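In what follows, a structure is listed as structure tokens, so that the remarks can point back to it.
The values are calculated or read from the model by the stated rules, or taken from the named source; none is laboratory data. Only a predicted model underlies this, so the values are computations on that prediction, with no experimental measurement involved. Because the Cβ atoms are built from the backbone with ideal geometry, glycine has one as well, and the counts that use them run over all protein chains shown.
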Amino acid sequence: MKRTIATCFVIVLTTLAGAAAARAQATTVTTNEQIPFELVAFVPCANGGAGEFVLVSGTLHVLIVQTIDAQGGVHAQVHFQPQGATGVGLTTGDTYHATGVTQEHFNFNASAGFTDTFINNFRIVGEGIDNNLLVHQTIHVTITPNGEVTSEVINTSVECR
């Protein structure tokens, strides 16, 4: 299954790179937006350890820089960061704040292959002690030009403090 997904990904990216190579010049597109968001997250250590759902809303800063280089390589950097994000416990009414940063770096070149690194740090911080949710994810994959996955790392931790 992983090899099939990797192969499909390489085929799509090869097509994109081929079109870019025909232009033989570097092109960069930047997207920088503030997007309102709302989500519900479960904080298992809230409410005296009983847990509760927290409704969080705020603005998500989204920065995406995409480059197609003169050799047909495709590169992207993605940055997500909640700003002014606050929440309310749906059981207790407690106030929470959401913070963190998610970043992804993606590189593809038909002759070099594909790499993708995704790092997510997200926190829902409550008032008082022992009711803060911390989520950390690191995902990395390297795929050769022939579709072979040579490196794959998936680390996730979810903890309360």
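Among the residues of segment 76-112, what is the count of those that are of a type in the set (Gly, Ala, Ser) and in contact with a Lys or Arg (Cβ under 9 Å, 6 or more places away or on another chain)?
Of all residues in segment 76-112, those of a type in the set (Gly, Ala, Ser) come to 76, 84-85, 87, 89, 93, 98, 100, 110-112.
Filter once more, keeping what is in contact with a Lys or Arg (Cβ under 9 Å, 6 or more places away or on another chain): 98, 100.
Result for segment 76-112: 2.
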Only unsatisfied item for Gly147, checking (1) in contact (Cβ under 8 Å) with a residue 24 or more places away in the chain; (2) surrounded by 16 or more Cβ atoms within 10 Å (Cβ to Cβ); (3) part of a strand (DSSP E or B), is (3)
Suppose we filter segment 24-33 for residues that are assigned to a strand (DSSP E or B) and surrounded by 11 or more Cβ atoms within 10 Å (Cβ to Cβ); how many remain? 1
Do you know which residues across segment 125-143 are farther than 16 Å from Phe42 by Cβ and more than 18 Å from the chain's Cα centre (by Cα)? Glu127, Gly128, Ile129, Ile143
Out of segment 100-127, which residues are loosely packed, with under 15 Cβ neighbours inside 10 Å and β-branched (Val, Ile, Thr)? Val101
Residue among Ala70, Ala85, Ala76, Ala98 that alone is hydrophobic (A, V, I, L, M, F, W, C) and in a loop (DSSP other than H, G, I, E, B): Ala70
Kindly list the number of the only condition in (1) over 30 Å from Thr28 (Cα atoms); (2) crowded, with 18+ Cβ neighbours inside 10 Å; (3) in contact (Cβ under 8 Å) with a residue 60 or more places away in the chain that fails for Val74. (1)
When segment 105-132 is checked residue by residue, the ones that are of a type outside the set (A, V, I, L, M, F, W, C) and in a loop (DSSP other than H, G, I, E, B) are Ser111, Glu127, Gly128, Asp130, Asn131, Asn132
Do you know which residues across segment 128-144 are touching a residue at least 60 places away in the same chain (Cβ under 8 Å) and surrounded by 16 or more Cβ atoms within 10 Å (Cβ to Cβ)? Asn131, Asn132, Leu133, Val141, Ile143
What's the number of the only condition in (1) modelled with pLDDT of 95 or more; (2) under 14 Å from Phe114 (Cα atoms); (3) not β-branched (Val, Ile, Thr) that Gln34 fails to meet? (2)
